[in-house]
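Below is one structure, written out as structure tokens, with a few remarks after it.
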Amino acid sequence: MRKVYISIASLLLFGSVLMAQAPANRTAKTTAADVLAQMPAEKQAEYNKLISDLKGTGEEGVLMLVNMINAPGKGSNAQVDYALSGLTHYVMAKGEESARLATANAYLKALDMVNERETKAFIIRQLQLLGQDECIDALSSYLNEESLSGPAARALASIGTENAGKALKAALMRRMGTPKTQKDIIVAIGEAQVKDSEELLKALLGSGDENMQKAVLHALCRVGSKASIKEMADAAAAAGYTMTNTQANEAYIALLKRVAGQGDVKEVEKAANDLLKKATKAGKTQTRDAALQIL
């Protein structure tokens, strides 16, 4: 009888060892499927464990989940979004550079595999969060594509490296694409405050529609220097020193504040005094007050 008990105990022990080893022996496909089935996890510790498991599947797991994304109107993508977004944030943590790079490369491969616009945009948004210079060439290839220029330009602006800035400037210099794609690039240049883009932007003043001019003026007030004061002052004057669709007046005031912060006090004082005088004459109280504030 004692031998029977020993045999049963041995079987139970052996079974528990097998169960303990099973997760480590799961395929990437099985692991990814298991993670997906448990999304969204209710507890943070459980969620972290699932995302860590997904990280271990590498490129195969990412591509599998991307292939499961449904086209708009064809079904819910909530679980896939939870899983991939969780992985994106997980690999951005300190000490996870190897996993970050592997995940970024998997997303880049996925971009070439999918055709659906919304799926591409989702992948680009993940690259916006975790991408670095390894993503620049791929993202740049979408800057002249109207349906994806916005996400691609925002991703490059978020990456924010010198190479990302050069890619945005190069795309704008080529003057390719459509007015929309060019506007998306201009907005990104302003958001990223790309160096050495001031003259490129100034060359676009007065061209294009109101939306284009709004983008150019906003970008200039974020990257400009005293070299842009005259052109921006002219734009504010053309707007009657009040709010218009191009927001030229607001952009000029923002530029003067920026230039003041750069230490060009005399240039700003002269410009602000001129703005005060003209805004007062035009009866534009808010602009007058803004000029006084700058002074």
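The values are calculated or read from the model by the stated rules, or taken from the named source; none is laboratory data. Just so it is clear, the structure is predicted and the values come from calculations on it, not from any experiment. So basically every Cβ, Gly included, is an ideal-geometry build from the backbone, and we count neighbours across all protein chains shown. Ligands, DNA and RNA are excluded from the accessible area calculation, which covers all protein heavy atoms including side chains. Shrake-Rupley method; radii C 1.70, N 1.55, O 1.52, S 1.80 Å.
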Filter result (open to solvent by 30 Å² or more (accessible area, probe 1.4 Å) and either in contact with an Asp or Glu (Cβ under 7 Å, 6 or more places away or on another chain) or outside any loop (DSSP other than H, G, I, E, B) (or both)) within segment 141-164: Arg154, Ser158, Thr161, Glu162, Asn163
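Select from segment 1-51 the residues that are modelled with pLDDT under 75 and among the polar types (S, T, N, Q) and write down the one among them that is most open to solvent (accessible area, probe 1.4 Å).
In the first step, residues of segment 1-51 are kept if they are modelled with pLDDT under 75; the result is 1-26.
Okay, now just the ones that are also among the polar types (S, T, N, Q), so 7, 10, 16, 21, 25.
Numbers: Ser7: 65, Ser10: 63, Ser16: 55, Gln21: 93, Asn25: 116 Å².
Among those that are modelled with pLDDT under 75 and among the polar types (S, T, N, Q), it is Asn25.
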Please go through segment 204-232 and give me each residue that is without any contact (Cβ under 8 Å) to a residue 12 or more places away in the chain and within 17 Å of Leu256 (Cβ to Cβ), ordered by number. Lys230
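Condition check ((1) touching a Lys or Arg at 6+ places or on another chain (Cβ under 8 Å); (2) over 16 Å from Lys195 (Cβ atoms); (3) touching a residue at least 60 places away in the same chain (Cβ under 8 Å)) across all residues:
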{"position": "Asp137", "(1), (2), (3)": "no, yes, no"}
{"position": "Glu145", "(1), (2), (3)": "no, yes, no"}
{"position": "Ser149", "(1), (2), (3)": "yes, yes, no"}
{"position": "Ala153", "(1), (2), (3)": "no, yes, no"}
{"position": "Thr161", "(1), (2), (3)": "no, no, no"}
{"position": "Met176", "(1), (2), (3)": "no, yes, no"}
Just the residues that are more than 17 Å from Ala251 (Cα to Cα) and surrounded by fewer than 18 Cβ atoms within 10 Å (Cβ to Cβ), please, taken from segment 170-199. Ala170, Met173, Arg174, Arg175, Met176, Thr178, Pro179, Lys180, Lys195, Asp196
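Filter segment 224-273 down to residues that are polar (S, T, N, Q), outside any helix (DSSP H, G or I) and open to solvent by less than 70 Å² (accessible area, probe 1.4 Å) and give me whichever is nearest to Leu205 (Cα to Cα). Steps first, please.
Restricting attention to segment 224-273, the residues satisfying the condition of being polar (S, T, N, Q) are 225, 228, 242, 244-247, 249, 262, 273.
Going one step further and asking which of them are outside any helix (DSSP H, G or I), we end up with 225, 242, 244-247, 262.
Checking the rest, the ones that are also open to solvent by less than 70 Å² (accessible area, probe 1.4 Å) come to 225, 242, 244, 246.
On the way: Ser225: 15, Thr242: 19, Thr244: 16, Thr246: 11 Å.
The qualifying residue nearest to Leu205 (Cα to Cα) is Thr246.
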Quick count over segment 65-92, residues being open to solvent by 50 Å² or more (accessible area, probe 1.4 Å) and either without any contact (Cβ under 8 Å) to a residue 24 or more places away in the chain or small (Gly, Ala, Ser) (or both), is 4
Out of (1) surrounded by fewer than 18 Cβ atoms within 10 Å (Cβ to Cβ); (2) not in a helix (DSSP H, G or I), what's the single condition that is false for Leu204? (1)
Enumeration of residues in segment 274-295 that are open to solvent by 50 Å² or more (accessible area, probe 1.4 Å) and either among the polar types (S, T, N, Q) or under 32 Å from the mean Cα position of the chain (by Cα) (or both): Thr280, Thr285, Gln286, Gln293
Checked against (1) of a type in the set (Lys, Arg); (2) in contact with an Asp or Glu (Cβ under 7 Å, 6 or more places away or on another chain); (3) closer than 30 Å to Leu139 by Cα, Lys214 satisfies every condition except (2)
